[in-house]
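A short worksheet on the structure shown next.
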Amino acid sequence: MKKDKKLVLLLSAVFFVILAVLAGIFIKSNQKPQSFECTNYAMGTYVQQTVYGKNAQQAAKAAAQKIGELENLISWRLGDSDISKLNQASGSDWISIDPRTAAILQKSLDVAEKSDGALDPTILPISSLWDFGGENQHLPAKEEIQKYLKYVNYHDLRVNTQESAASLKMHYMAVDLGAVGKGAACDEAVAAYKQAGADYGIVAVGGSIGVFGTKEDGTPWNIAVRDPHSTETQSTSIGSIDLQSGYVSTSGTYEKYFTKNGVTYHHLLNPKTGYPENNGLISVTVVCSNGALSDALSTACFVLGREKGTELLKKYNAGGIFITTDNQVYLTESMKNIFKLSNRKYTLVESGV
């Protein structure tokens, strides 16, 4: 009888141990992964991060530091940056620059060449006249634009990535990497997540987004595409992109603009005319495997227009969403299975290109 009682007690103890183990497994499987969210300011915009894993906070901190370092290298507004020094040395000798700066300059030149100058990193002599987003944004005189337009010529920007050096051939030339900087910042953040050992994460720098790693449930990242007609305070979307990995950048007329005498002028300048491009587009979103490239391509494609922009994207195996002023949405082939339109104000059109 005592043996039977001991056996019952032993089995009960084993049962409760099994229950405890199972309960532990259940609790563990239902715990949300550790995450860290933060918002900083860099590159003239907000940097928003959500990183997951035990090293999430460390990864986000490292990413913010890397973005800050990049801004100190490539912002023409900072007097000690590589780009500022390059601009100051225009028309003289080559200068030494950081390898990161050289790589971004070279990527910009590659897109400039393949887009026939629709993206031009030497746009600063013209963009500074307009001063979009600055304290003196205004419509420049035609004479001013014509005077400085001759200094916008990517052919006269020379970069040696092996020697980490660059030069501008003529005096008064100057580089502005605003069209690639935010995407490049996303590259830096994703690299920091990987190095710090984060599990997965997402970073948004202005109009550019980068995602790292696979989410715990295996589902793709859901990236909203902004409605170009919505405002900063009441931002809405036209739909979303299901993205397993990569980068998304958007260039739109809503980003920086002003109105003068009833005419609205936006910051997306055509380097060949010196004026905002007016080709029926209000927004272009690009998806590809590199942040700086996605940023550069979104600007180039906006200036090129839908058909030529689509051809450019093919050269880089990138996808695109083109939104027109009459609320038509055109997708490149690779976007058709990953983009979902949800805003009834817009119409999805089969582009045929």
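Where the second residue is in a loop (DSSP other than H, G, I, E, B) and aliphatic (A, V, I, L, M) and the first is surrounded by 13 or more Cβ atoms within 10 Å (Cβ to Cβ) and lies in segment 261-274, which pairs have Cβ atoms under 8 Å and are six or more apart or on separate chains?
Tyr265/Leu139; Leu269/Ile123; Asn270/Ala118; Pro271/Ala118; Pro271/Leu119; Pro271/Ile123; Pro271/Val152; Gly274/Val152
Taking segment 91-122 as the region of interest, how many residues are in a loop (DSSP other than H, G, I, E, B) and either crowded, with 24+ Cβ neighbours inside 10 Å or touching a helix residue (DSSP H, G or I) at 6+ places or on another chain (Cβ under 9 Å) (or both)?
Count: 10.
Go through segment 237-263 residue by residue and tally those that are closer than 20 Å to Tyr346 by Cα and modelled with pLDDT under 95.
2
Restricting to segment 254-283, name every residue that is among the aliphatic types (A, V, I, L, M) and touching a strand residue (DSSP E or B) at 6+ places or on another chain (Cβ under 8 Å).
Going through segment 254-283, the residues among the aliphatic types (A, V, I, L, M) turn out to be 263, 268-269, 281-282.
Selection gives Leu268, Leu269, Leu281, Ile282.
Does Asp110 satisfy the criteria of being within 20 Å of the chain's Cα centre (by Cα), farther than 18 Å from Gly44 by Cα and free of Cβ contacts under 8 Å to residues at least 24 places away in the same chain?
Against the criterion (within 20 Å of the chain's Cα centre (by Cα), farther than 18 Å from Gly44 by Cα and free of Cβ contacts under 8 Å to residues at least 24 places away in the same chain), Asp110 qualifies.
With (1) part of a strand (DSSP E or B); (2) out of contact with any Leu (no Cβ under 8 Å at 6 or more places or on another chain); (3) not assigned by TED's automatic domain parsing to the domain that holds Asp326 as the list, and Val211 as the residue in question, which single condition is left unmet?
For Val211, the failing item is (2).
The values are calculated or read from the model by the stated rules, or taken from the named source; none is laboratory data. On a predicted model such as this, the values are computed, not experimentally measured, just so you know. Positions of Cβ are generated from backbone atoms using ideal geometry, with glycine treated the same way; all protein chains shown enter the neighbour counts.
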